[in-house]
Each structure stands twice: as structure tokens, then as C-alpha cells.
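Scroll down for the structure; my scribbles are underneath it.
The values are calculated or read from the model by the stated rules, or taken from the named source; none is laboratory data. Computed from a predicted model, the values in this text were never measured in an experiment. Virtual Cβ from ideal backbone geometry, glycine too; neighbours counted across all protein chains shown.
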Amino acid sequence: MPATPTTNRRFLLARRPDGTPVPEDFAFVEEAIPTPPAGGIVVRNCYASLDPAQRGWMDDAPSYMPPIPLGDPVRATTVGVVAASNSPDFQVGDWVMGLNGLEDYSVMEAGGFTMKVDPTLADSPSRFLSAMGAVGLTAYFGLADVAKPQPGETLIVSAAAGAVGSAVGQIGKIMGARVIGIAGGAEKCRRLINDYGFDVAIDYKGKSVEQLAAEIRQAAPGGADVIFENVGGDVFDAELLNLAKHARIVLCGLISEYNSPTKIGIRNLWQVLAQQATIHGYLIMDYVPRFGEGSAVMAEWMAQGKLRIDEDLQVGLENAFPAFMRLFSGANTGKLVLKIADGL
């Protein structure tokens, strides 16, 4: 990858995926490098975050963000370096994080979401997309501000070996909870215990809702006080059969349904009523003004050896599609990050 490309490579959404995305849903084009508008900047993207939420943004359906317009680059949070500036607030060479696209260069308009980051605070700028970015802070604020697990309570985490789930489990342990992780496959379950310190790991693969619910019940006979939900579908239904009285459910994601043309929904919702539980729909975007606060805590925990955040670093903008699909095949082994460039 050249350090200073002569064109702007862009990974565009060419059509709305029908179920699981295929290569034909996207286009890889080269265009002229943009110039900064009045009050804006041009950023050389170095790292991009690949997340399940991006699949939802590709659909023309109501959501918390508008759909990605056809012909636009796939939306992504990126960390990069200011390459050109018409803004008094940003100088060429500043490292910044913002919601941009999968492309070499992005234009950030005046007033858009852009924040400076200090790369000296981490071993890699990619950390601002994992431990000290939206992924790590989704886990941090979801527990510290929303779920508030108390010492001795039982916390169940779905997609527990994923980027958010593995952080949730570790933070739960720091807060004194007993943590049960649900993941797919023996290797992921091994990592939950050996790498992330979970108390119990449950493999959901090949099990009916009833079988999975029975295994959860054996691990948590008193029920779950807190559920941090990332999966939905059968896994969520099995968890709902194991609620403690007044359980708190943090609904963070429903990855099992993102590529499904037929949405399953929740079949055991009655248990929320029966156990007087609460479900909190949770989005990290509400906490953007507090990112600095959360990042400092996460950095301290990592420095103390209390927190391990793994990154699955894929290289090359031209590999955006296969890298993105690792999210849905279960191939990723940590926070999925696409490295686009080294910087200026």
C-alpha cells in the first residue's frame, strides 16, 4: 500500500444486500483525491472499524441512523491523519477519529463528528477503534452506567468471544460479578476461560432452545441478574428462560438476525413480565461526549493487566469485503480492524 496514493480508493455500497452480503453488492472504485471544503478537512484513513452494525446500515429500513445511500462508501468509524485542512481547529498531521467511510480519503465537513486523538496514549492508533473506542466503551458504559452489576450477581454475556462480549465479561469480573459467557465452538469457549477469565463458558452450537436453557440453568440455578445481549434469536430465548427476579437486560445487538430475510423476534418475552425484568435498548452514540472519561479507565485497566482486548487486524482496503464477512462466519478473533495505511 503506497503511503501517498495518487487516487482515492473507495468501497461503495452498490445495491441493498438480500440476506447475507455478496461481492456484487459492492463496488471498488478509484476517484480523485478530494479537497477540503470551507471549514472542513480531508482525512487520510489509516484504520477502519468493521462492526455488525454496518450490516444494518446497508438496509433501507428505519433505524437509529439513516441507511447508507447507494453509491456511497460503506460507513465506518475510522482513525486517520489530517491530510488537508480549511479548519482552524485541525492542523495537517493531527490524528483524528470520526464516522467516515471505507476509503483512502474522507471529507469531514465543518460541524461533523470529528475528535482529535493522541496516539501516544496507546500502543497503536487502532486502539481508538477497540479498547479506547466504541467497542471497548460500549462494554464499559453498558455495564458501569446501564446494567450496574453488583458484587456476587450473575452476568450472562452472549457473543462472549466477540470484541464487545469479551470486554463485557472482563469488566463484569472487575466489578465483582460471576460471569457466564455463551459462544460458538469449543475453541471460543476455551478462550473465554483461559484468556478472558470468565467463570463459565457455554457452547450454543447444535443445541435447541430447551437444551441451551437447561445448560444455562445448571450454570446459574438462581438465574441471571444481568444479561448483556448481542445475539438475539434462539440464544436470547434460552437466556430469557433463566431470568432472576428484577433482572436487567442490556440489548446491545441482534447479530443472529442481521442477515436473515425473516426476522425471528422474541418468543419468550413473557418471562420479562413474569420476572419483572427490564430491557434497555442501548446505543453507545449517547456516550460520545464521555469517551475521554471511559478511555482513561480502559487504558488504566489494560496497564494494570486487568483487561485484555484482542484485535483481529486485516490489511488492505482491497480486502474490505472478505474482512467484513469474518464478522458473520465466526472467523474473527477479536475486534475486527481493517488497516488501510500507516499514516502520512
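Here is a yes/no grid of residues against (1) acidic (Asp, Glu); (2) touching a residue at least 40 places away in the same chain (Cβ under 8 Å); (3) closer than 28 Å to VAL96 by Cβ; (4) surrounded by 15 or more Cβ atoms within 10 Å (Cβ to Cβ):
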{"site": "LEU251", "(1), (2), (3), (4)": "no, no, no, yes"}
{"site": "GLY265", "(1), (2), (3), (4)": "no, no, no, no"}
{"site": "ASP286", "(1), (2), (3), (4)": "yes, no, yes, no"}
{"site": "MET298", "(1), (2), (3), (4)": "no, yes, yes, yes"}
{"site": "MET302", "(1), (2), (3), (4)": "no, yes, yes, yes"}
{"site": "LYS306", "(1), (2), (3), (4)": "no, yes, no, no"}
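Specify the residue that is surrounded by the most Cβ atoms within 10 Å (Cβ to Cβ); the eligible residues are those in the stretch 156-174 that are of a type in the set (S, T, N, Q) and assigned to a helix (DSSP H, G or I). Among residues in the stretch 156-174 that are of a type in the set (S, T, N, Q) and assigned to a helix (DSSP H, G or I), the one surrounded by the most Cβ atoms within 10 Å (Cβ to Cβ) is SER166. Can you report the number of residues in the stretch 52-70 which are more than 16 Å from the chain's Cα centre (by Cα) and more than 21 Å from ALA320 (Cα to Cα)? Final tally of qualifying residues: 5. Checked against the criterion of being at pLDDT 95 or above, surrounded by fewer than 19 Cβ atoms within 10 Å (Cβ to Cβ) and farther than 27 Å from MET302 by Cα, the stretch 99-107 has at least one qualifying residue.
Within the stretch 89-112, residues that are farther than 18 Å from ARG10 by Cβ reach partners that are charged (D, E, K, R) with beta carbons closer than 7 Å, at six or more positions or on different chains, in the pairs ASP94/LYS116; TRP95/LYS116; VAL96/LYS116. Take the residues of the stretch 131-154 that are β-branched (Val, Ile, Thr) and under 10 Å from the mean Cα position of the chain (by Cα): which is nearest to MET285 (Cα to Cα)? The extreme case among them is THR138. The set of residues from the stretch 331-344 being buried (at least 16 other Cβ atoms within 10 Å of the Cβ) and more than 14 Å from ASN45 (Cβ to Cβ) comprises ASN332, THR333, GLY334, LYS335, LEU336.
Rundown of residues vs (1) of a type in the set (Asp, Glu); (2) in contact with a Lys or Arg (Cβ under 6 Å, 6 or more places away or on another chain); (3) under 26 Å from ASP203 (Cβ atoms), yes/no style:
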site	(1), (2), (3)
SER256	no, no, yes
PRO261	no, no, no
ILE266	no, no, yes
GLN275	no, yes, yes
LEU283	no, no, no
GLY294	no, no, no
MET298	no, no, no
GLY316	no, no, no
ASN332	no, yes, yes
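Cβ separations smaller than 6 Å between residues 6+ apart or across chains give the following pairs from the stretch 316-329 residues that are modelled with pLDDT of 95 or more to residues that are surrounded by fewer than 16 Cβ atoms within 10 Å (Cβ to Cβ): PHE321/PRO23. What's the total number of residues in the stretch 135-159 that are touching a strand residue (DSSP E or B) at 6+ places or on another chain (Cβ under 6 Å) and more than 18 Å from LEU243 (Cα to Cα)? Qualifying residue count, the stretch 135-159: 2.
The requirement of being among the acidic types (Asp, Glu), in contact with a strand residue (DSSP E or B) (Cβ under 7 Å, 6 or more places away or on another chain) and loosely packed, with under 15 Cβ neighbours inside 10 Å is fulfilled nowhere in the stretch 50-71; no residue meets it. Hey, any hits in the stretch 146-155 for a residue that's surrounded by fewer than 24 Cβ atoms within 10 Å (Cβ to Cβ), modelled with pLDDT of 95 or more and in a helix (DSSP H, G or I)? Looking for residues that are surrounded by fewer than 24 Cβ atoms within 10 Å (Cβ to Cβ), modelled with pLDDT of 95 or more and in a helix (DSSP H, G or I), one finds at least one in the stretch 146-155, hence yes.
Have a look at ALA134, ALA76 and point out the one that is touching a Leu at 6+ places or on another chain (Cβ under 6 Å) and crowded, with 23+ Cβ neighbours inside 10 Å.
Only one candidate passes the filter, namely ALA76.
May I ask you to verify whether ALA32 is modelled with pLDDT of 95 or more and surrounded by fewer than 22 Cβ atoms within 10 Å (Cβ to Cβ)? Here the answer is yes, as ALA32 does meet what is asked.
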